[in-house]
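What follows draws every value from the coordinates through simple rules; no lab data is involved. It should be emphasised that the depicted structure is a prediction, and the values quoted were computed from it without experimental measurement. Here Cβ is always computed from backbone atoms with ideal geometry, including for glycine, and neighbour counts include all displayed protein chains.
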Amino acid sequence: MTEKLLTATEKPIAKGMGVFISIWLGSFVSLMGKRLTSFALNIWILQTTDSINFYTLGVLITTLPALFLAPFFGSLVDRWPRRWVMIISEIGSGLCILALALLFIMDSLKLWHLFVLTGLNAAFIEVDTLAFQSAVSLIVPSEELPRASGFTLLGSAIARLLAPVLAGALIVIIQIQGILLIDCASFFMGLIPLLLFRLPEVDIALLEGDKEHISLGAQLNQGWTYLTSQSGLFSLMTLRAVYTFVSTAGILLFVPMLLKLTTPVALGSSMFVVGLGGVVGGVLMGTWANRQEQLMPLVFGCMFFTSLAAIASGLRPSLGLIIAAAFFFLLNFPLITGSIQVIFQRQVSPELQGRIFALSNAFVAIATIAAIVFSSVVDQLLEPMMIFEGPWANGIGQIIGTGPGRGIGLMYIMLGVMTMLITIIAYQHVPLVNIEQETEIYSQPCLALSDLDVTK
């Protein structure tokens with residue numbers, strides 16, 4: 001890959017897996033702080049308002065920046081040095097959490113304070129994520145991208161697994177304000193490697209002319225035109241959004257379904273076992289997937305196995321079957337999302353990756369919101385149909401059982417069948433299947449930028 005790097009006289013450019021792992025370790029500590037805070041604040045909302053609606057609103061607010069602002073953020077990431085974008089984002093996010101901590105300490109926190117600051121914090125996190133995703137392909141050689149993706153997803157899975165346990169214990173000992181202060185401290189760990197290393201940057205000015213005279217709107221339009229001109233990439237982005245819809249809907253109703261079958265105490269151990277699936281998937285992404293010449297067959301295969309796991313989750317009201325199926329459901333998650341991210345990093349020109357990832361994240365945000373609405377509506381519709389002596393008790397109820405949680409089980413079966421059909425249909429789309437067999441798009445930056453008509 002030919003890289004045009006910004007010239008500078010200060011410290012030498014740092015790149016390679018060692019540099020990536022240093023940045024990843026810092027971001028992992030920072031991510032743990034974020035997860036602790038998220039869990040603690042969700043508990044505070046539920047305890048303070050006793051309202052599921054306010055809890056859902058809080059989740060929605062953290063999703064909105066990716067939906068409405070991510071394309072704009074992507075243009076900024078492609079416009080500015082990504083290292084400094086990450087540094088500023090980390091500082092901004094840390095200041096939001098510090099403000100929340102001070103409001104808690106002064107006993108002055110109101111619900112609207114929380115929503116405003118968490119929304120602003122989510123915006124900083126979105127910018128940080130886009131900059132990190134776009135910088136990886138410049139730091140790490142192409143053949144090591146699956147390994148880097150595996151590290152990233154492994155860190156996310158471990159944080160998701162441990163944060164609820166740690167936060168639950170810490171709330172009792174140091175209360176929510178203490179957790180927020182820990183989160184503030186964790187941001188310094190994320191900043192240290194970014195301050196130590198000078199990362200490679202693409203010289204966008206050499207490709208686009210004077211970038212200061214190119215409007216953000218024109219930059220965003222370039223990204224959209226680039227994406228829609230590549231049938232395989234656009235299809236891959238759509239497939240990612242569809243998978244996000246399925247996985248989000250499945251994860252949202254997993255706890256309610258388990259609570260119909262077990263106690264809250266047993267739920268914790270069950271969630272731990274299921275969460276290990278994501279950890280195993282992250283390890284596989286960084287080791288086994290790293291040796292695969294092409295990743296699209298892995299994506300199709302894992303989506304097919306995801307459909308089988310979803311169907312198995314809903315077949316019977318068996319705790320063991322549901323936990324085992326959910327384990328494999330989450331095991332496939334890092335392999336699918338990680339492989340898709342690596343394909344984007346390999347196929348998209350680095351100077352466009354901020355915008356392309358932003359547009360893809362916007363599609364994912366739409367799918368996430370759709371999954372939240374779908375899960376709520378379907379749960380309300382299907383649960384009454386599958387109760388004992390309900391309207392469908394003598395039909396599908398004879399196969400999957402009736403009673404509490406069986407409506408959710410039926411929804412899992414529906415999601416599994418839908419995923420299987422979508423996987424089969426996607427496998428027939430030649431540009432998507434052959435996306436990795438084409439010449440790497442990022443080796444043709446002039447086609448990606450100067451030849452695009454952004455006036456349409």
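Arranged from fewest to most other beta-carbon atoms within 10 Å of their beta carbon, Cys184, Cys96 become Cys184, Cys96. Once the Cα atoms are used to define both axes, helix 82-105 deviates from the longest principal axis of the chain by about 40 degrees. Modelled spin labels at Leu95 and Ala169, positioned 7 Å past Cα toward Cβ, are 3.5 nm from each other. In loop segments of segment 87-162 as defined by DSSP, the trypsin sites (Lys or Arg not before Pro) with at most 10 further C-beta atoms inside 10 Å of their C-beta are Lys110. Other residues whose C-beta falls under 15 angstrom from the C-beta of Leu298 contribute a net charge of +2, scoring Lys and Arg +1 and Asp and Glu -1.
Hey, what angle do you get for helix 70-79 against the long axis of the chain, alpha-carbon based, 0 to 90 degrees rounded to 10? Once rounded, one gets 20 degrees.
Only one residue of Thr419, Leu220, Ile87 has its Cα farthest out toward the positive end of the dipole of the chain, where Lys and Arg carry +1 and Asp and Glu -1 on Cβ, and that residue is Thr419. Taking amide H positions as modeled 1.01 Å from N, with prolines and chain starts lacking one, no residue 5 or more places away or on another chain lies under 5 Å from Gly405. Output the 0 to 90 degree angle, nearest 10, between the alpha-carbon long axis of helix 264-286 and the longest principal axis computed from the alpha carbons of the chain. With both axes taken from Cα atoms, the answer is about 30 degrees. Distance distribution P(r), segment 11-197, all Cα-Cα pairs, bin width 5 angstrom from 0: 1, 8, 16, 19, 21, 15, 10, 6, 3, 1, 0 percent. Sequence-ordered 3J(HN,Hα) estimates for segment 183-191 from the Karplus curve with 6.51, -1.76 and 1.60 and θ = phi - 60° stand at 4, 4, 5, 5, 5, 5, 5, x, 7 Hz, glycine and proline given as x.
Listed from fewest to most Cβ neighbours within 10 Å, the set Val377, Val136 follows the order Val377, Val136. Placing +1 on each Lys and Arg Cβ and -1 on each Asp and Glu Cβ, with no other charges, gives segment 222-456 a dipole about its Cα centre of roughly 440 debye. Each residue of segment 386-398 is assigned a 3J(HN,Hα), and the resulting list reads 10, 6, 4, 6, x, x, 9, 4, 8, x, 5, x, 5 Hz, derived from the Karplus form 6.51 cos²θ - 1.76 cosθ + 1.60 (θ = phi - 60°), x at Gly and Pro. Checking every one of the chymotrypsin sites (Phe, Trp or Tyr not before Pro) in segment 361-438 against DSSP loop status and a limit of 14 other Cβ atoms within 10 Å picks out Phe388. Give me the net charge of Met257's neighbourhood, meaning all other residues with Cβ under 13 Å from the Cβ of Met257; Lys, Arg count +1, Asp, Glu -1. Overall, the nearby charge balance is +1. Residues of segment 372-409 with amide nitrogen under 17 Å from the 7 Å Cα-to-Cβ point of Ser318? Answer for this model: 398-402, 406, 409.
Considering only GluC sites (Glu not before Pro) in DSSP loops that have at most 12 other Cβ atoms within 10 Å, the longest stretch of the chain without any of them is 11-292. In the chain, the DSSP-assigned H stretches of four residues or longer account for a calculated mean residue ellipticity at 222 nm of -26000 deg cm²/dmol, using -39500 (n - 2.57) per stretch and the full residue count as denominator. Send over the Kirkwood Rh of segment 222-456, from the inverse of the averaged 1/r over different Cα pairs, rounded to one decimal Å. For segment 222-456, the Kirkwood estimate is 19.1 Å.
Here's how it looks for Arg198: its modeled amide H is under 5 Å from those of Ala14, which are all 5 or more places away or on a different chain.
Taking the empirical scaling 2.2 N^0.38 Å for compact globular proteins as reference, the chain has a Cα radius of gyration ratio of 1.00.
Compute the Cα gyration tensor for segment 277-384, then decide on rounded, prolate or oblate, letting a ≥ b ≥ c be the square roots of its eigenvalues: rounded whenever a/c is under 1.5, prolate when a/b is larger than b/c in the other cases, and oblate in all that remain. Oblate is the answer for segment 277-384, as a/c is 1.5 or above yet b/c matches or exceeds a/b.
Of the residues Arg316, Arg35, Arg79, the one with the fewest other Cβ atoms within 10 Å heads the list, and the complete ranking is Arg316, Arg79, Arg35.
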